[in-house]
Amino acid sequence: MIITHTLRALVAALPLAAVTLPALADIKDYEFQLAQSEFKQGNGVVMTVKLIDKRSGKPVPDAVIFAKRIDMEPEGMATMASPIEALPASETGAYSFRTNLVMEGSWRLSLGAKVQGETGTLENKLILKALP
């Protein structure tokens, strides 16, 4: 009788336990998005990306960006790369970079990052345009 009563209490509590457990995230739940996709061709161009949790749409702070590259792969010139430098964050979940867009056309910004509290590596390739 005591066992049956305890079992009923446990079964009754199961739906509540399922509701209160945190949702498990996956590295695929995050993405970088360009704040703008067109820039004036030239030196010292500053571009900003936001790291977004796709489930909530909210910005994600404190990611560790360990790989960054900008090149003209969309124009068939992957070897045409430019130096890229990380800048201090201007707002939560925003990551800024300075580079030289030496030619007009399409450029690819490749980023590799670790998201705090998640396993795996986030890798995104974003396409932007340098205008005359």
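In a loop (DSSP other than H, G, I, E, B) and modelled with pLDDT of 95 or more: which single residue out of 74, 22, 61 fits that description?
Step by step, each of 74, 22, 61 is checked, and only 61 is in a loop (DSSP other than H, G, I, E, B) and modelled with pLDDT of 95 or more.
What residue, among those in the stretch 113-131 that are within 16 Å of residue 47 (Cα to Cα) and touching a residue at least 40 places away in the same chain (Cβ under 8 Å), is surrounded by the most Cβ atoms within 10 Å (Cβ to Cβ)?
Out of the qualifying residues, it is 130.
Among the residues of the stretch 92-113, count how many are among the basic types (Lys, Arg) and either over 23 Å from residue 28 (Cα atoms) or modelled with pLDDT under 95 (or both).
1
Could you tell me which residue of the stretch 76-93 is farthest from the chain's Cα centre (by Cα), considering only residues that are aliphatic (A, V, I, L, M) and closer than 16 Å to residue 45 by Cα?
Result: 81.
So which residues in the stretch 42-66 are surrounded by fewer than 16 Cβ atoms within 10 Å (Cβ to Cβ) and either over 13 Å from the mean Cα position of the chain (by Cα) or within 17 Å of residue 84 (Cα to Cα) (or both), if there are any at all?
42, 43, 44, 46, 56, 64, 66
Among the numbered conditions (1) touching a Lys or Arg at 6+ places or on another chain (Cβ under 7 Å); (2) surrounded by fewer than 16 Cβ atoms within 10 Å (Cβ to Cβ); (3) under 26 Å from residue 132 (Cβ atoms), tell me where residue 76 comes up short.
(1)
Among the numbered criteria (1) at pLDDT below 95; (2) of a type outside the set (Phe, Trp, Tyr); (3) loosely packed, with under 12 Cβ neighbours inside 10 Å, which one does residue 89 miss?
(3)
How many residues does the stretch 104-132 hold that are in contact with a helix residue (DSSP H, G or I) (Cβ under 8 Å, 6 or more places away or on another chain), of a type outside the set (Ser, Thr, Tyr) and in a loop (DSSP other than H, G, I, E, B)?
Going through the stretch 104-132 one residue at a time, the tally reaches 3.
The values are calculated or read from the model by the stated rules, or taken from the named source; none is laboratory data. On a predicted model such as this, the values are computed, not experimentally measured, just so you know. In this analysis, Cβ positions are derived from the backbone assuming ideal geometry, glycine residues included, and neighbour counts consider all displayed protein chains.
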